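As structure tokens, the structure follows; a few thoughts come after it.
Readers should treat all values here as calculations from the given coordinates under stated rules, not as data from a laboratory. All of these numbers come straight from a predicted model, not from anything done at the bench. We place every Cβ from the backbone using ideal geometry, glycine too, and count neighbours over all the protein chains shown.
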Amino acid sequence: MNNTDIVTKIDEELLNELTKLGTLDPNADEAKDLIKNIQALHQMRVKEKDLSIEDSKTQNDYYLNQRKLDIDELKASNDNKNERIRARDARILQLVGFGVTLGTFAIGWGLRSKWLAKGFKFEETGTFSSKTMMECFKEVFKKN
């Protein structure tokens, strides 16, 4: 039996007692006993309603705490997801940076080797064919 059933039964009994009281002489001993019963029933009704209110507050608090836990769990899940995305993005940036560095080195090395190969080509007379190489060798083989 839940609280609403108990309150309903108490209300029915109160109504019966009040109906009986209306038919009795107010000065009779039976009427005084009925008034005491009505007072007791009324007190029981108030206590049951208080218990019902307290029970619903407890249930509401429980559900509220459950929702808070669910929200906290979702926040933690989103934080983990965001952290994984940041880590993935950092790894991608690291790989792109490494690729750019490697590409810069490879392109620079390729161009330098091409110009150096051209610079070391001697003509039939034994002179350098590139003005860049002539300038480089002037710096290397300075006359003191």
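Think of the range 3-101 as having a plus end and a minus end, set by charges on the Cβ of Lys, Arg, Asp and Glu; of 42, 4, 63, 63 sits farthest toward the positive end of this dipole.
The packing ranking of peptides 39-52, 92-105, highest mean first, is 39-52, 92-105, where packing means the average number of other beta carbon atoms within 10 angstrom of each residue. Quick one: Cα centre-to-centre distance for the range 32-81 and the range 87-105, in angstrom? So the two Cα centres are separated by 59 Å. In this structure, the pairs whose alpha-carbon distance is over 25 Å, taken from 9/57; 57/81; 36/57, are 57/81; 36/57.
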